[in-house]
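Below is one structure, written out as structure tokens, with a few remarks after it.
The values are calculated or read from the model by the stated rules, or taken from the named source; none is laboratory data. Fair warning: this is a prediction, and the values are worked out from it, not measured in the lab. Note that we place each Cβ from the backbone using ideal geometry, even for glycine, and neighbour counts take in every protein chain shown. Calculation scope for accessible area: heavy atoms of the full protein, side chains included, ligands and nucleic acids excluded. Shrake-Rupley method; radii C 1.70, N 1.55, O 1.52, S 1.80 Å.
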Amino acid sequence: MAGKIISKFFDIDGGNTIDVYERHGGYQSIRRVLKKMAPGQVTDEVLKSNLRGLGGAGFPAGRKWSFIPKDSPKPKFLVVNADESEPGTFKDRYIMDRYTHGLFEGIMIASYAIGANKAFIYIRGEYVRQAENLVEQIKCAYDRGYLGKRIFGTNFNLDLVVHRGAGAYICGEETALLESLEGKKGWPRMKPPFPAIEGAFKCPTIVNNVETIAYVPTILQEGGEWFSELGSERNGGLKLYGVSGHVKKPGVYELPMGTSLREIIYEHAGGLQDGRKLKAVVPGGSSAPVLTADEIDVKMDYDSLAKIGSMLGSAGVIVMDDTTDIVRALYVVTRFYHHESCGQCTPCREGTGWAERILKRILDGNGRSVDIDNLLNIAGNIMGNTICPLGDAAALPLKSYLTKFRADFEAAVSDRNGVGKVADEPVSLLN
Amino acid sequence: MVKVTIDGIEIEIPKGTTVIQAAEQAGIEIPRYCYHPGLSIVGVCRICLVEIERMPKLQVACYTPATEGMVVHTNTEQVLEARQAVMEFLLVNHPLDCPVCDQAGECWLQNFYMQHALHDSRMFENKVKKSKALQIGPNVMLDSERCILCSRCVRFCDEISKSNELGIFNRGDRAELQPYPGTELDNDYSGNTIDICPVGALTDRDFRFRTRVWYLSETESICPGCSTGCNINVHHNDQRTYKAGGSRVSRLKPRYNPDVNEWWMCDAGRYGFTHVDADSRILAPTRSIGEEQEMSWGEAASEIMTKLREVISVHGKESVGVILSPQMTNEDLFVARRFFRDGLGLKHIDFEVAPLTTGAKDDFLIKADKNPNTAGARLLGVGARQGSGMTVAEMLEAARKRKLRALYICHHDLANGFAVDVVEEALTAQDLVVFQGPNTNSTSALAHYVLPAAAFVEKTGSFTNYAERVQMIHTAVTPLGESKADWQIFRSLAKEAAISVPYFEAEDVFQALTAEVEAFSGLPYAGLAGQGIALRDGQALPESETVVA
Amino acid sequence: MSKVAFSQESLSEFERIVAQYPERRAAMLPTLYLAEKEFGHISPEVEVYVGELLQVPAIKVREVLTFYTLFASKPRGKLHFQVCRGISCDLRGCTKIIEHLQEKLNLNSEETSADLAYTLSEVECLGACETAPMMQLNDDYHGDLTTETVDLILDEKK
Ligand SMILES: Cc1cc2nc3c(=O)[nH]c(=O)nc-3n(C[C@H](O)[C@H](O)[C@H](O)COP(=O)(O)O)c2cc1C
Ligand code: SF4
Ligand code: SF4
Ligand code: FES
């Protein structure tokens, strides 16, 4: 088994403090970078590492950095996405709590690479204690001269600001996040322009996930190639997998990219509770299409999961055993996306609520057999037709649960058919 | 320029043109709710999705720029399905109360729905409840349940009126359009939100339940409310007669003119047409010496001319003052000039009356000069400042001192520009006072003869706006009672005086005008309709320092 | 002019916050947090005040306030129980926890007790699924909940 990079700090007492971090070799990477490397070389190294964006989309981090216009006179910004709101995801919380200065060092290197002198950490509002820790540790870094002006005696200046969200999953979507950072509602923006060209405050901006940034110091310390080889093809390095649901040992596990889902569930997370069988597993946060028990030999990386029609997403693995009511699971997931839709786009705003109400009705024993195809149709009508991918995030579970577990849904509607009364008389739209 | 192909039609368009605009130029209308050419683009309603070759997903036509070689399809099965899906989504929480909705007949939900009809409803679920029939301002009613959250009205208030009254609160399908609690949608342009709301969420308080839109006809015109001359359509109900079943003119709507008002008009202009069907309309020529008595046009013309000739023969031509009005058309003023100045040889002719209270103005559409044709009157030289006669103020002073013996006053309520006693003293000192206009006022009350002039919706002619753009008004409804266009009244009088006014139509007047008046020379009558013609090639003039009423 | 105002202390904190951003409006969320801390909840007067501070129309403040779930526009209880109802917590029995709290606090979800002692909310995934079922009580997370541990927490906080 490969060593650990981030998670080795998880078990160290005071791993969040500057002293402990430095004692374990922290802040060496940035020193070297500032003295020996040009910004472009940093980006190249990250490109070589095959570090993917670990917030969900998996876009190669180095490629993204290279989109920052070199000749723009505008200030550049780095925004670290710590909104972590995709159900089943909790890895960034660990990083912020226990690898605090590792994250800062990554922020410093990334900012240097893209030419930013100001970085923001956008952290979900519920993470009150995490935000407090960040603020406190930022202060320590300033006190040491690691942040602020003339860092390590070089010409590099960097200010780091913690910005708290206020309860909106959509603000994890990078353009909604930028709107929120600017003091507005989290309404995702139309693209283009992409943030790298016009992001925060109309300036070139890189948005990266906490975990993406947290791997940067090690990459620059050990080399891109070294990091790349830890993982699978085109999916460099290690990765934090969060496992929750019906397993014996839920938690965060740092493993090579491409570790099999079976290994993660059965070896690391301790397998299912005794006597239970695996029914379904969501591999990458609740929006990732669900897998059946016989699909778990898949390698957990972006490309392998995409190949079987699912996605690595945030690598939040949600395990469901054979006691799970799949109809209810889909209802709970759909309720989430309905609750979190920002409400801009017609299909997402109306479709998520509609689907939730149908699922609720089925759960209440008033299902009709047409409901299943109607739900599939609603999902299809949302899919791909909205501004941001939240619409897809809502549609993908609908499609996959209803297709892969159709029998469960059919049983639910026939079991319950005719038992209760339909909420409302059907409304004819044509009169 | 870039070349794109839309539904097989190849067109060339400037770089930066969006697909929706390009399609329009190719004669293809892509449905839209949130897109409005005068507002920022948000791409939220998703009704305008189109297929673009080599793009994996459908794209919104309103936001996507058309690029060289792009091939767009607006009618494929996939597009139609997506459109139908958006329609269906929009109706998920829609109350479907068309039978009691004022928007019925001009609702974009209904319109597109007809084109993309669904065959059976799958709507078994309860709908999200929101507030209905809320009066959110002096002119606007809001029905939140009908709102499709296109945000057009919000963007209007943020970007055009810059008054920020409206917001969308909450999120998801709980999102609701509202004004700020305790405040109103009350700005000088609020009525435009009603025009741009694609559904029946924002409706006109004034128009609510008054008539069904399919009974309305439309006539192109110009708002007479100020010197901007916003292009409008007059919506009129030809089945309704004056004082029988309500007003003939139902509403005014702005008409697009990129050089004048774009898509907008102000509320003062929009709601300022009520005088057209008011009780104060003058219906017949009337003698008001002693007992008030209606007369025929023949009688009136002959009596007035007789008296006028008397005054002139006893006291001379300099004893008569003529007060024209910048509410009159170029044609009216030209005939007035021909009759009073050239025919009768009168000297004291003016039209400008500075109002006691300066009119409101802003840096958008509203001008302090509340007249549509001040520039025209100036160019026609019918003001004291253009000639050598007395100004209106001088005329009143001279009248008081009986240096003037007769006043011929058009449209003006002189009390708007002068103290009541000044007007009264002046007018009561006259041997002859004639008032001509569409409505009675405090000035007409002092006249010996009152002549009914057609209102702006009852005649054809042209106004010259502050920037010297000549624009046309058209007859929307027939003149009330005996009233007729001002120039026709002058023609009747001229006939009595054997002065030649050889015009039968407004067009004849216009032709003579262009032949005779330098500033208008060469203007083609046929070119005036629609967007009008700028005399100085669209060069806006600074607003004149004198403000006229 | 607004009817409320920050204390000197909050005002200087506000100035410090504003200085962190290239644009004044960006201080919206932190200022709303600050206002909530000072005034308990964000009333319409406070909205207006925040608008004045940030130089944006009050309606934009309200749009933001109502978009996000964390700000209190009405008074909330001293103890705010936010029980996670996300998928991982649901799989591990959050419904029981919610029902237990409803009974114990004698409240429905999304209600505040008349004495402003408690507010009970069901919230979406809080990002601590490894401890499901879990809840947030004011600023702190409590995981691996059972009805018994909930009772212990209640006893301790009462
Ligand atoms: C609805 C939605 C929610 C998202 N939430 C998060 C989030 O909580 N954290 C995150 O890092 N990325 C999230 N993302 C992905 C971001 O948009 C963006 O891709 C990411 O922050 C980029 O960083 P990365 O390249 O380092 O992954 C979300 C995307 C969507 C569409
Ligand atoms: S897809 Fe949903 S969340 Fe995303 S912008 Fe549209 S309405 Fe908002
Ligand atoms: S009220 Fe009308 S214009 Fe305003 S958002 Fe709703 S539908 Fe759009
Ligand atoms: S018109 Fe294009 S999305 Fe609304």
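Things to note:
- Wholly within segment B:352-467, helices (runs of 4 or more DSSP H) carrying at least 3 residues that are in contact (Cβ under 8 Å) with a residue 60 or more places away in the chain: B:374-379, B:392-400
- Any hit, segment A:156-163, residues being over 24 Å from A:Lys48 (Cβ atoms), surrounded by fewer than 17 Cβ atoms within 10 Å (Cβ to Cβ) and of a type outside the set (Lys, Arg): yes
- Selected residue (only one of A:Gly102, A:Gly125, A:Gly148, A:Gly88 is touching a Phe, Trp or Tyr at 6+ places or on another chain (Cβ under 8 Å) and within 10 Å of chain C (Cβ to nearest Cβ)): A:Gly125
- Which listed residue, of A:Glu340, A:Glu356, A:Glu350, is among the acidic types (Asp, Glu) and within 16 Å of ligand 3 (Cβ to nearest atom): A:Glu350
- Within segment A:166-178, the set of residues being within 7 Å of chain C (Cβ to nearest Cβ), assigned to a loop (DSSP other than H, G, I, E, B) and within 12 Å of ligand 1 (Cβ to nearest atom) comprises A:Ala168 only.
- Considering segment A:358-387, the residues that are assigned to a helix (DSSP H, G or I) and without any contact (Cβ under 8 Å) to a residue 24 or more places away in the chain include one that is farthest from ligand 1 (Cβ to nearest atom), namely A:Val370.
- The strands (runs of 3 or more DSSP E) found wholly in segment A:184-269 and carrying at least 2 residues that are within 25 Å of C:Val64 (Cα to Cα) and open to solvent by less than 30 Å² (accessible area, probe 1.4 Å) occupy A:205-209.
- Residue satisfying condition, being in contact with a Ser or Thr (Cβ under 9 Å, 6 or more places away or on another chain) and more than 11 Å from every other protein chain (Cβ to nearest Cβ), within set A:Leu363, A:Leu390, A:Leu376, A:Leu359: A:Leu376
- Counting only helices (runs of 4 or more DSSP H) that sit completely within segment B:93-202, those holding 3 or more residues that are away from ligand 1 (no atom under 16 Å from the Cβ) and open to solvent by 40 Å² or more (accessible area, probe 1.4 Å) correspond to B:108-115.
- Of the helices (runs of 4 or more DSSP H) lying entirely inside segment C:25-142, those containing at least 1 residues that are within 14 Å of the chain's Cα centre (by Cα) span C:28-39, C:58-67.
- Matching residues, segment C:1-51, being among the charged types (D, E, K, R), more than 14 Å from chain A (Cβ to nearest Cβ) and surrounded by fewer than 16 Cβ atoms within 10 Å (Cβ to Cβ): C:Lys3, C:Glu9, C:Glu15, C:Glu45
- Residue tally, condition within 8 Å of chain A (Cβ to nearest Cβ) and β-branched (Val, Ile, Thr), over segment B:24-59: 4
- Conditions (1) at pLDDT 95 or above; (2) crowded, with 18+ Cβ neighbours inside 10 Å; (3) closer than 30 Å to B:Ala336 by Cα: number failed by B:Gly298: (2)
- Residue match in segment A:165-181 (condition: open to solvent by 20 Å² or more (accessible area, probe 1.4 Å), among the β-branched types (Val, Ile, Thr) and assigned by TED's automatic domain parsing to the domain that holds A:Val79): no
- Every residue from segment A:235-269 that is hydroxyl-bearing (Ser, Thr, Tyr) and in contact (Cβ under 8 Å) with a residue 24 or more places away in the chain: A:Tyr241, A:Ser244, A:Tyr253, A:Thr259, A:Ser260
- Residue among A:Leu305, A:Leu312 that is within 30 Å of B:Ala82 (Cβ to Cβ), in contact with a helix residue (DSSP H, G or I) (Cβ under 8 Å, 6 or more places away or on another chain), of a type in the set (A, V, I, L, M) and open to solvent by less than 10 Å² (accessible area, probe 1.4 Å): A:Leu312
- Total residues in segment A:179-213, condition away from chain C (no Cβ under 14 Å) and near ligand 1 (Cβ under 10 Å from one of its atoms): 6
- Any hit, segment C:57-69, residues being in contact (Cβ under 8 Å) with a residue 40 or more places away in the chain and out of contact with any His (no Cβ under 8 Å at 6 or more places or on another chain): yes
- Across segment B:1-34, the number of residues qualifying as under 30 Å from B:Lys162 (Cα atoms), away from ligand 2 (no atom under 16 Å from the Cβ) and open to solvent by less than 30 Å² (accessible area, probe 1.4 Å) comes to 8.
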